[in-house]
Amino acid sequence: MQIQVNNIQCVAAWYWDVPKELKRDSLNDEDEEDEDVCGICRASYNGTCPNCKLPGEKCPLIVGSCHHNFHVHCIYQWLNTSTSKGLCPMCRQAFSLRDGIRINEPHIEKFDKVLMKARQQNVVSTTGVAGAVDQDDVMIDQEFIR
């Protein structure tokens, strides 16, 4: 018996490897599906955010210290809004990158700037005077980011 192969079509799949310990502990098995979507755009981590055309390294994930994960473009856009106040859009805790996570490392410097700007806007909005940023609050924010 002899077989002749006329055509081969390869298929591949990939996904972001978000370790189980980085997912929220309170989830049960039926909620695990919801954990695999960005909390802002509700698109799958393995897909793209609304700003990107192709998934992959150009549209990476950000892992927050509160265990919420987002597409990098989604969380930057959220933090640049005046209503974010530097808080996580899911749990409203002060948002920061989780330490020791390799996928967060390329974004630390830019994230610090975006977060500082968001927190400064929050200080301005609470004082009611544009440009009246309390320097003590700015120094506290800088220490908080570190």
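Structure above, values below:
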{"quantity": "Selected residue (criterion: farthest from Trp78 (Cα to Cα)) from residues of the range 44-67 that are polar (S, T, N, Q) and open to solvent by 60 Å² or more (accessible area, probe 1.4 Å)", "calculated": "Asn46"}
{"quantity": "Matching residues, the range 79-89, being under 9 Å from Ala118 (Cβ atoms) and out of contact with any Asp or Glu (no Cβ under 9 Å at 6 or more places or on another chain)", "calculated": "Leu79, Asn80, Thr81, Ser82, Ser84, Lys85, Leu87"}
{"quantity": "Filter pass, Arg119 being of a type in the set (D, E, K, R) and in contact (Cβ under 8 Å) with a residue 60 or more places away in the chain", "calculated": "no"}
{"quantity": "Pairs with Cβ under 7 Å, 6+ apart, first in the range 101-115 and without any contact (Cβ under 8 Å) to a residue 12 or more places away in the chain, second open to solvent by 30 Å² or more (accessible area, probe 1.4 Å) and in a helix (DSSP H, G or I)", "calculated": "none"}
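For (1) at pLDDT 85 or above; (2) over 27 Å from Asp17 (Cα atoms); (3) of a type in the set (Gly, Ala, Ser); (4) part of a loop (DSSP other than H, G, I, E, B), each residue gets a yes or a no:
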position: Pro50; (1), (2), (3), (4): yes, no, no, yes
position: Ile75; (1), (2), (3), (4): yes, no, no, no
position: Leu115; (1), (2), (3), (4): no, no, no, no
position: Asp136; (1), (2), (3), (4): no, yes, no, no
position: Glu143; (1), (2), (3), (4): no, yes, no, no
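Yes/no per residue for (1) more than 14 Å from the chain's Cα centre (by Cα); (2) at pLDDT below 85; (3) under 20 Å from Ser96 (Cα atoms):
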residue	(1), (2), (3)
Asn7	yes, no, no
Glu32	yes, yes, no
Gly39	no, no, yes
Ala43	no, no, no
Val63	no, no, yes
His71	no, no, yes
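The values are calculated or read from the model by the stated rules, or taken from the named source; none is laboratory data. Since this is a predicted model, take the numbers as computed values, not measurements. Heads up, the Cβs are rebuilt from the backbone with ideal geometry, glycines too, and the neighbour counts pull from every protein chain shown. We work out accessible area using only protein heavy atoms, side chains counted, and drop any ligands, DNA or RNA first. Shrake-Rupley method; radii C 1.70, N 1.55, O 1.52, S 1.80 Å.
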